[in-house]
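Note sheet for the following structure.
The values are calculated or read from the model by the stated rules, or taken from the named source; none is laboratory data. For clarity, every value in this text was computed on a predicted model and none was experimentally measured. Here the Cβ positions follow ideal geometry from the backbone for every residue, glycine too, while neighbour counts run over all protein chains shown. Ligands, DNA and RNA are excluded from the accessible area calculation, which covers all protein heavy atoms including side chains. Shrake-Rupley method; radii C 1.70, N 1.55, O 1.52, S 1.80 Å.
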Amino acid sequence: GPPRPNRLIKEKSSYLLQHAHNPVDWYPWGQEAFDKAKKENKLIFLSVGYSTCHWCHVMEEESFKNEEIGEIMNKNFVCIKVDREERPDVDKVYMAFVQATSGGGGWPMSVWLTPDLKPFVGGTYFPPEDRVYRVGFRTVLLRIAEQWNQNKEDLLENSQKILEALQMQAQIRGQAQESPPPSEEVLNTCFQQFSKSYDEEYGGFSEFPKFPTPVNLNFLFTYWALHRTTPEGARALQMALHTLKMMAYGGIHDHVGQGFHRYSTDQHWHVPHFEKMLYDQGQLAAAYTRAYQISGDEFFADVAGDILLYVSRDLSDQSGGFYSAEDADSYPTTTSGEKREGAFCVWTAEEIRALLPDPVEGAAEGTTLGDVFMHHYGVKEDGNVSPLKDPHGELKGKNVLMVQCSPELTAARFGLERGRLDALLQQGRQRLADARAQRPRPHLDTKMLAAWNGLMISGFAQAGAALAKQEYVHRAVRAAAFVQRHLFDPASGRLLRSCYRGGDDAVEQSTVPIQGFLEDYVFVIQALFDLYEASLDQGWLEWALQLQHTQDKLFWDPKGFAYFFSEAGDPSLLLRLKDDQDGAEPSANSVTVMNLLRAACYSGHMEWVEKAGQILAAFSERLLKIPIALPEMARASAAFHHTLKQVVICGDPQGEDTKDLLRCVHSVFCPNKVLMLDDGNSAAFLRRQLPFLSALRRKEGKATAYVCSGFACSPPVTAPRELRAMLVP
């Protein structure tokens, strides 16, 4: 019969459960595994991955499902499997080691540790057997086991040296008395670095692979807002809008099923790696919303709506929470024996022809819907994927849809009205969507993470406010209520990292819940501020400020000035690290600068402004030299420097005059502001926090706006256009 499952069968993470039937005797990260290693004096083999990681699947198929390799692993090592999305703290410690020792990093990460968890050898993917340029996994296992048997002492001594070097490296050189770097210099250097690496034709900031990296676009929007009248400001805006437009046209955007794939393997945003991550959808919804706010171009609003439709339909739990990801690989048909990358999303020309045979009235004789559709989306008879971008031949003969020419050009080519073309393309996409619904779906990772739920709440809240769509605000409120109910412990005031969809679709927690990390606090606090501005419910503000106090208590480093990624007091974590890179997700210290400034505006608690300055000072060297690595922090340095404007609206929330002023605030992109509504209730949370509010009056009984800075206010205005002039200098 099938092998008895290993201990991972008791876990909740779908990534760990995928390995429960391997012949490897996997343990989850925890005391049981550590004790076994100590008792038997065995090395630990640590394998870290995540459910949508392509090479993780490959290594499992080749090595972890191989009986003989499993036997070597079980005999010589205590084997531990970690889902990096559940335990980013463990992942970061050992990734720091792998990057320092091998010059590269990635997943699956494979690391060998001494029984006291110190790393001494590490790498990423290993093929099962030796190849010309790569030593095989079996060989590595046997060599390391032999080393351990022959010279334990050297190995232990070496691992101690490595650890000391890593600890040295981990201390960020923040000196308490240094002041933050000059913001204008940081902004200009960052802009210049983006400008140099910009791809003029296709947008984005590298040749390939190309990641969406919304933090880059947000920086450019802020840079534009502060330099609107200069040629640099105009270029910053053009770079951001062109990049968003090219991404939306590209194959990285799922034209049939909505949402965005994780990254493009080529320069043109054409052939993606097909997994879809929640954190990308949240940040991209916000970025497309900002693009619409600034440009007024409905195209961007439509893309934001398309992302939110995908998340509402495919990544939403009935409890209100959001799932983590959809995989890239799936079975091409219900009878297929093996999964293929992108199978759910790609098409042959033949399939499209058969689905769209309708003659198109008004076009040249014999033109079908398929002809128009294939022309517009670049479909080729023998497939449109270059073999260079398809090393395993999984996409041979297939097409990844990509808008090849503007709708105007396609309409002109077939002699159609623009409105008519849009309707035809919409009909085509719907028909392909119906056909695709018959295909086996890729694996869905139903783990729900506090941090990523935070990013997604921000996406819904910002889009709801700026696009004036209440249903998006309601969706954000449901998700925030979900986080409060399932990922927060009111007794301790702490966030939890994760929860899971269990049997009967109930939300479940692991036996020992994982406590929240810095990014969980930071992204949830940011979400609550965004949600307050969209919903004006002060309960979210109150919770955000409580969480900020908890974050300070658990993670602040009073010596080096910034926040650690993880709490103190976990003996199994060798290092407490601080991220210094804004990548696919922004780093927590970058986002927290803005959170602290917003928190101070809503509370009058000025110590938070001081902390924001200390973080900028701690990262000062990096901000001056390579701000392109910290665009989100560079953006926040401008808010620190200019001090946030407090936009206060005094009025009845239901009154049309109040709504007009609110609409005005939501319709302009003004990066360095916070919004608050005072409805005259003297017992309200904000009134208790900010005494200056009670002095602000409604002018002639009308809804009235004040723009305040450092708690000193402008003269009152009642007309939206006057308010607009104050927000957009």
Next item on the list: Give just the number: which of (1) farther than 20 Å from Ser386 by Cβ; (2) open to solvent by 30 Å² or more (accessible area, probe 1.4 Å); (3) not β-branched (Val, Ile, Thr) does Phe344 not satisfy?
Entry: (2)
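Scan region 625-642 for residues that are under 15 Å from Thr222 (Cβ atoms) and β-branched (Val, Ile, Thr) and jot them down.
Step one: filter region 625-642 for residues under 15 Å from Thr222 (Cβ atoms), giving 627-628, 630-642.
Matches in region 625-642: Ile628 only.
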Item checked: Given (1) surrounded by 21 or more Cβ atoms within 10 Å (Cβ to Cβ); (2) among the hydrophobic types (A, V, I, L, M, F, W, C); (3) closer than 26 Å to Thr446 by Cα, number of the condition Val58 does not satisfy -> (1)
Next item on the list: Mind listing just one residue for me: the one in region 1-21 that is not small (Gly, Ala, Ser) and not in a loop (DSSP other than H, G, I, E, B) and, of those, most open to solvent (accessible area, probe 1.4 Å)?
Entry: Lys10
Next item on the list: Go through the residues of region 140-154 one by one and say whether even a single one is in contact with a Lys or Arg (Cβ under 9 Å, 6 or more places away or on another chain), small (Gly, Ala, Ser) and not assigned by the TED database to the domain that holds Trp55.
Entry: no
Notebook entry, point to check: For the subset of region 83-94 comprising residues that are without any contact (Cβ under 8 Å) to a residue 60 or more places away in the chain and within 24 Å of Asn158 (Cβ to Cβ), which member is surrounded by the most Cβ atoms within 10 Å (Cβ to Cβ)?
Noted result: Tyr94
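Quick check on this structure: which one of Gly305, Gly362 is under 18 Å from Asp422 (Cβ atoms) and open to solvent by 50 Å² or more (accessible area, probe 1.4 Å)?
Gly362
Which is hydroxyl-bearing (Ser, Thr, Tyr) and touching a Cys at 6+ places or on another chain (Cβ under 9 Å), of Tyr288, Tyr223? Even if it seems obvious, please write down each step before you answer.
Details: Tyr288 fails: touching a Cys at 6+ places or on another chain (Cβ under 9 Å).
Going through Tyr288, Tyr223 in turn, just one is hydroxyl-bearing (Ser, Thr, Tyr) and touching a Cys at 6+ places or on another chain (Cβ under 9 Å): Tyr223.
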Next item on the list: Please tell me if Pro332 is more than 20 Å from the chain's Cα centre (by Cα) and touching a residue at least 60 places away in the same chain (Cβ under 8 Å).
Entry: yes
Item checked: Filtered residues of region 288-308 (kept if in a loop (DSSP other than H, G, I, E, B) and either modelled with pLDDT under 95 or of a type in the set (Asp, Glu) (or both)) -> Asp297
Check: Given the conditions (1) open to solvent by less than 10 Å² (accessible area, probe 1.4 Å); (2) closer than 30 Å to Ser51 by Cα, which single one is not true for Met239?
Finding: (2)
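Check whether at least one residue in region 58-80 is within 23 Å of Leu166 (Cα to Cα) and either touching a residue at least 12 places away in the same chain (Cβ under 8 Å) or not hydrophobic (A, V, I, L, M, F, W, C) (or both), and report yes or no. Let's see the steps before the verdict.
Step one: list which residues in region 58-80 are within 23 Å of Leu166 (Cα to Cα), which gives 80.
Filter again for either touching a residue at least 12 places away in the same chain (Cβ under 8 Å) or not hydrophobic (A, V, I, L, M, F, W, C) (or both), leaving 80.
Yes, there is a match, as at least one residue in region 58-80 is within 23 Å of Leu166 (Cα to Cα) and either touching a residue at least 12 places away in the same chain (Cβ under 8 Å) or not hydrophobic (A, V, I, L, M, F, W, C) (or both).
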Margin query: Quick check on Phe97: is it farther than 24 Å from Leu630 by Cα and of a type outside the set (Asp, Glu)?
Written below: no
Checklist line | Scan of region 155-194 for residues that are at pLDDT 95 or above and either of a type in the set (A, V, I, L, M) or touching a Lys or Arg at 6+ places or on another chain (Cβ under 6 Å) (or both), ordered by number | finding: Val186, Leu187
Margin query: Could you go through region 482-492 and let me know if any residue there is more than 30 Å from Leu545 (Cα to Cα) and open to solvent by 50 Å² or more (accessible area, probe 1.4 Å).
Written below: no
Check: Residue check: is Ala343 more than 21 Å from Val400 (Cα to Cα) and either small (Gly, Ala, Ser) or not in a loop (DSSP other than H, G, I, E, B) (or both)?
Finding: no
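Could you say whether any residue in region 259-276 is in a helix (DSSP H, G or I), in contact (Cβ under 8 Å) with a residue 12 or more places away in the chain and hydroxyl-bearing (Ser, Thr, Tyr)? First the steps, then the outcome.
Residues of region 259-276 in a helix (DSSP H, G or I): none.
No, region 259-276 contains no residue that is in a helix (DSSP H, G or I), in contact (Cβ under 8 Å) with a residue 12 or more places away in the chain and hydroxyl-bearing (Ser, Thr, Tyr).
Table: residues versus (1) exposed (fewer than 15 other Cβ atoms within 10 Å of the Cβ); (2) under 22 Å from Ser572 (Cα atoms); (3) of a type in the set (Asp, Glu).
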residue	(1), (2), (3)
Ala96	no, yes, no
Met109	no, yes, no
Lys118	no, yes, no
Gly136	no, no, no
Ala145	no, no, no
Lys161	yes, yes, no
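Is it the case that some residue within region 450-459 is within 16 Å of the chain's Cα centre (by Cα) and more than 20 Å from Ala304 (Cβ to Cβ)? Can you show your working first?
Just the residues of region 450-459 that are within 16 Å of the chain's Cα centre (by Cα), to begin with: 450-459.
Retained after the next criterion (residues that are more than 20 Å from Ala304 (Cβ to Cβ)): 450-451.
The answer is yes, given that some residue of region 450-459 is within 16 Å of the chain's Cα centre (by Cα) and more than 20 Å from Ala304 (Cβ to Cβ).
Take Arg663 and tell me if it is basic (Lys, Arg), assigned by the TED database to the domain that holds Glu722 and touching a helix residue (DSSP H, G or I) at 6+ places or on another chain (Cβ under 9 Å).
On the way: basic (Lys, Arg): yes; assigned by the TED database to the domain that holds Glu722: yes; touching a helix residue (DSSP H, G or I) at 6+ places or on another chain (Cβ under 9 Å): yes.
Here the answer is yes, as Arg663 does meet what is asked.
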Note to self: For region 503-524, check the following and say yes or no: at least one residue is small (Gly, Ala, Ser), free of Cβ contacts under 8 Å to residues at least 40 places away in the same chain and not assigned by the TED database to the domain that holds Ile44.
What the structure shows: yes
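Taking Glu232 as the residue in question, decide whether it is at pLDDT below 95, open to solvent by 60 Å² or more (accessible area, probe 1.4 Å) and farther than 22 Å from Gly282 by Cβ. Step through it out loud before you land on a result.
On the way: at pLDDT below 95: no; open to solvent by 60 Å² or more (accessible area, probe 1.4 Å): yes; farther than 22 Å from Gly282 by Cβ: yes.
When the stated conditions are applied, Glu232 does not pass them.
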Check: Of the numbered conditions (1) surrounded by 13 or more Cβ atoms within 10 Å (Cβ to Cβ); (2) within 34 Å of the chain's Cα centre (by Cα); (3) more than 30 Å from Ala634 (Cα to Cα), Leu141 satisfies every one except a single condition; which is it?
Finding: (2)
Next item on the list: Those residues that are over 30 Å from His273 (Cβ atoms) and open to solvent by 70 Å² or more (accessible area, probe 1.4 Å), I need them from region 365-393; list them, please.
Entry: Glu365
Checklist line | Which listed residue, of Lys398, Lys380, is free of Cβ contacts under 8 Å to residues at least 60 places away in the same chain, more than 23 Å from Gly259 (Cβ to Cβ) and under 36 Å from the mean Cα position of the chain (by Cα) | finding: Lys380
Notebook entry, point to check: Could we say that Phe77 is touching a Pro at 6+ places or on another chain (Cβ under 6 Å) and open to solvent by less than 10 Å² (accessible area, probe 1.4 Å) here?
Noted result: no
